[in-house]
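The structure under discussion appears below in the form of structure tokens.
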Amino acid sequence: MSQTKPRVEIKTLTAWRALWVAFIVLYHYQVAGFNDLTRCGVAFFFISSGFLSMWHYGERERIGWRSYVWRHARKIYPLHWLTLAVVLGLNYHFRGISEPASTIAANALLLQAFIPVKTVYYSINTLSWFLSALMFCYALFPLLIRLTRRLRLRYFALLVTVAAVTIAVVLSNVGVEVREYLYVCPVVRLLDFLIGMLLWRIVKAIDSVDNRKTISFGTATALELLPLILVAQALFLVNSSEQLKAVEDSVVWWLPMSALIVVASRLNRSEGAFGRLLLTPPLMFYGRCSFETYILQSAVAMSVAFFVFPLSSHFGLSLQSSPTLCYVVALAIAAPIAHKISLRCKR
């Protein structure tokens with residue numbers, strides 16, 4: 001099996017990354033109205049990570065575990081360690097908060113999300129639980145691709161469906177505290193990643209049937225409406241149905257995000273009206289540094305709170321809280337890191 005799929009960027013997915021990270025960052029900066037979209041965005045990033053891993057590696061005959069994991073680790077760990085050190089330092093200097101050595105070690109190694117204790121998996125840089133779960137998925141990917149290649153598409157889909165139903169049933173029968181941990185648990189989040197891997201297989205099957213036939217602008221626009229309708233429907237349901245509260249963290253977003261990723265990949269380079277609206281230089285630029293913006297957001301927010309806000313009073317300003325300022329600063333720092341350092345890590 002040779003590599004026939006070129007390493008082509010799916011530009012609309014890059015633009016969607018920009019939007020989902022914007023929702024997530026603004027929610028974490030306590031801007032109201034982004035709670036549900038944040039959960040949706042988290043599902044998008046796990047699913048799209050599985051899909052894009054297959055997009056780039058799915059047709060390679062062999063994937064070296066060491067080279068694959070090292071390629072992702074050198075992008076994730078250095079920036080994670082920098083952020084960890086900044087947050088630790090600021091907490092200690094300004095708040096007098098020190099963390100146990102075991103908690104620091106778990107965070108440094110990105111193992112904190114495996115520990116079902118809230119003060120551990122949400123410790124220090126709270127958002128790094130995502131990196132812990134994502135790195136777990138990347139570490140298993142070379143093994144997962146070998147195992148799933150042996151499965152026919154129908155059996156792979158059946159396996160994922162059974163796992164999804166199982167997770168939904170478990171979430172519906174446990175308490176809030178357990179659901180909160182399952183939200184960050186790497187083993188549970190591995191299912192999102194597997195869904196992404198399955199979606200790539202589905203896209204490949206679709207391509208083999210229609211041989212990438214040209215899709216008209218009108219048809220493309222209609223297809224792009226589907227995931228948007230599904231997202232809107234999911235947002236309505238989770239805010240109107242008590243029965244869905246148990247699965248609102250992940251399960252309800254799997255179908256909308258799957259549809260979005262399949263449509264974006266199938267329409268790559270032949271987008272409809274909505275896809276073309278996304279392909280703007282600012283969204284593309286920000287989408288390519290969205291990962292770095294996510295990692296840096298806590299350190300930036302704390303730095304602004306401890307240094308910028310007090311200093312502003314000396315200039316006659318009364319800045320107490322500014323999500324926009326934090327957001328702009330995080331993006332300004334993330335952009336050169338992404339384009340000067342992270343790009344090199346991908347080579």
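Only the coordinates and a few stated rules stand behind these numbers; no lab work does. The structure displayed is predicted, hence computed values, not measured ones. Neighbour counts run over all protein chains shown; Cβ positions are idealised from the backbone, glycine included.
Taking a ≥ b ≥ c as the square roots of the Cα gyration tensor eigenvalues, the stretch 23-92 comes out oblate, since a/c reaches at least 1.5 and a/b does not exceed b/c. Compared with the dominant Cα axis of the chain, that is its longest principal axis, helix 323-337 is turned about 70°. Each Lys and Arg contributes +1 and each Asp and Glu -1, all at the Cβ; summed about the Cα centre of the chain, the dipole is approximately 1540 debye. A simple rule links phi to the HN-Hα coupling: the Karplus curve 6.51 cos²θ - 1.76 cosθ + 1.60 with θ = phi - 60°, which for the stretch 136-146 gives 4, 4, 5, 5, 8, 4, x, 6, 4, 5, 5 Hz, with x for Gly and Pro. Relative to its Kirkwood radius, the Cα radius of gyration of the chain gives an Rg/Rh of 0.96.
Summarised as an ellipsoid, the stretch 185-270 has semi-axes of 27, 18, 7 Å, derived from the eigenvalues of the Cα gyration tensor scaled by 5 and square-rooted, with the largest first. Straight-distance candidates among the lysines for linking to residue 11, with alpha-carbon spacing under 25 Å and chain neighbours fewer than 8 residues away dropped: 75, 204, 213, 340, 346.
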